[in-house]
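The block underneath contains the structure these notes are about, expressed in structure tokens.
The values are calculated or read from the model by the stated rules, or taken from the named source; none is laboratory data. Owing to the predicted nature of the structure, the values given are computational and were not obtained by experimental measurement. Here the Cβ positions follow ideal geometry from the backbone for every residue, glycine too, while neighbour counts run over all protein chains shown.
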Amino acid sequence: MQVESLITSMTPALYERVKQLVETGKWFDGKPMSEHQRDMLLQAVLVYQAKVEQSGEHMTVGADGEIIHKSRQELKSELQMQQDSLIARFKKHDI
């Protein structure tokens, strides 16, 4: 099977599972992967990030195949925007 067809047929749920396998270096039953198996799954994760996910998150692979690096200021501003939209704020006497 060609890599391109494998990646395009990968569902987001499968991608998350494969990413978890690569992060832990173990199969779901707890057995360790061989270095070759981990390398192959890591390649699949990187190609999926570049071709399908295209999230633009820090330290992921962009569509051009390069790793996305963001400055500290960019990361801080993104975090600030997320915090502002996710945190509910209440006044002391609202209880």
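So here's what we get for this one:
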{"item": "Number of positions in region 1-16 that are among the acidic types (D, E) and in contact (Cβ under 8 Å) with a residue 24 or more places away in the chain", "result": "1"}
{"item": "Search result, residues across region 18-29 that are assigned to a loop (DSSP other than H, G, I, E, B) and either among the polar types (S, T, N, Q) or surrounded by 11 or more Cβ atoms within 10 Å (Cβ to Cβ) (or both)", "result": "G25, W27"}
{"item": "Residues of region 56-95 satisfying the condition of being among the hydroxyl-bearing types (S, T, Y) and at pLDDT below 70", "result": "S85"}
{"item": "Contacts under 9 angstrom Cβ, first residue in region 33-52 being assigned to a helix (DSSP H, G or I), partner polar (S, T, N, Q), 6 or more apart", "result": "L46/T60; Q49/S55; Q49/T60; A50/T60; K51/T8; V52/T8"}
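Here's the yes/no breakdown for (1) among the hydrophobic types (A, V, I, L, M, F, W, C); (2) surrounded by 12 or more Cβ atoms within 10 Å (Cβ to Cβ); (3) at pLDDT 75 or above:
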{"residue": "S5", "(1), (2), (3)": "no, no, yes"}
{"residue": "A13", "(1), (2), (3)": "yes, no, yes"}
{"residue": "K31", "(1), (2), (3)": "no, no, yes"}
{"residue": "E35", "(1), (2), (3)": "no, no, yes"}
{"residue": "R38", "(1), (2), (3)": "no, yes, yes"}
